[in-house]
Amino acid sequence: MIPIPDTLKAHLVAICAGGALLVVLALLGWALWLRGDLAAARTDLTVEQAAHNSTRAELATKITANNLLLADQRMSNSTIAALSGQVNATQALHREYVTRETARRAMLASATPRPRTPEETAKVVDNATRRAAADMLNDW
């Protein structure tokens, strides 16, 4: 083994200590850079979470509004169906009325007054009752 002079040993120790110091400083710089990058990432994450929560709240509002519109539409559809049924029933009653009124007018137009025979006078009701019945039929 070759003896190493003390001055060379001192230089080697200084070089190693300087290299170790450089490595420590580099690691410290890298750690500080990572810490800053982590803080930026946390800030970005907070901003993204706030935007996400805002979007989620907006979506919930729109879903609620949509559900209200659907409920209103269902109610309107049932109201329309009920009104349509009433219109159909009213139209059927009107057609029935027109048919009956046409038949009544035809009957009244074909009626002719004539004198009653003595036999009819004995069997048929009196004139006042007959007129009351005729008035009732005419009002119908």
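Before moving on, here are some points about what is shown:
- Farthest positive-ward along the chain dipole, Cα basis, beta-carbon charges - from ILE63, CYS16, LEU93: LEU93
- Anisotropy class of region 27-66 from Cα gyration tensor, a/c 1.5 cut: prolate
- The fraction of accessible area contributed by carbon and sulfur in the chain is 67 percent, rounded to a whole number (1.4 Å probe; ligands and nucleic acids excluded).
- Fraction of alpha-carbon pairs over 13 Å apart in region 1-48 - percent: 70 percent
- At a probe radius of 1.4 angstrom, the accessible area of the chain per residue rounds to 89 square angstrom.
- Working note: 222 nm ellipticity from helices only, DSSP H runs with n ≥ 4, each -39,500 (n - 2.57), summed and divided by the residues of the chain, gives -33000 deg cm²/dmol to the nearest 500.
- Gaussian network model of the chain, Cα within-10 Å springs - most flexible of ASP126, ASP44, ASP72: ASP126
- The rule of thumb for compact globular proteins, 2.2 N^0.38 Å, goes into the C-alpha radius of gyration of region 1-90 3.11 times.
- Relative counts (whole %) of C-alpha pair distances in region 38-140, using bins that are 5 Å wide: 2, 9, 7, 9, 7, 7, 6, 5, 5, 4, 5, 4, 4, 4, 4, 3, 3, 3, 3, 2, 2, 1, 1, 1, 0
- Region 1-68 and region 91-140: distance between their alpha carbon centers, rounded to Å: 107 Å
- Charges were assigned to the Cβ only: +1 to each Lys and Arg, -1 to each Asp and Glu. The resulting dipole of the chain about its Cα centre is roughly 660 debye.
The values are calculated or read from the model by the stated rules, or taken from the named source; none is laboratory data. Nothing here was measured: the structure is a model prediction, and the numbers come from that model. We place every Cβ from the backbone using ideal geometry, glycine too, and count neighbours over all the protein chains shown. Just so you know, the surface numbers come from the protein's heavy atoms only, side chains and all, with ligands and any DNA or RNA stripped out. Shrake-Rupley method; radii C 1.70, N 1.55, O 1.52, S 1.80 Å.
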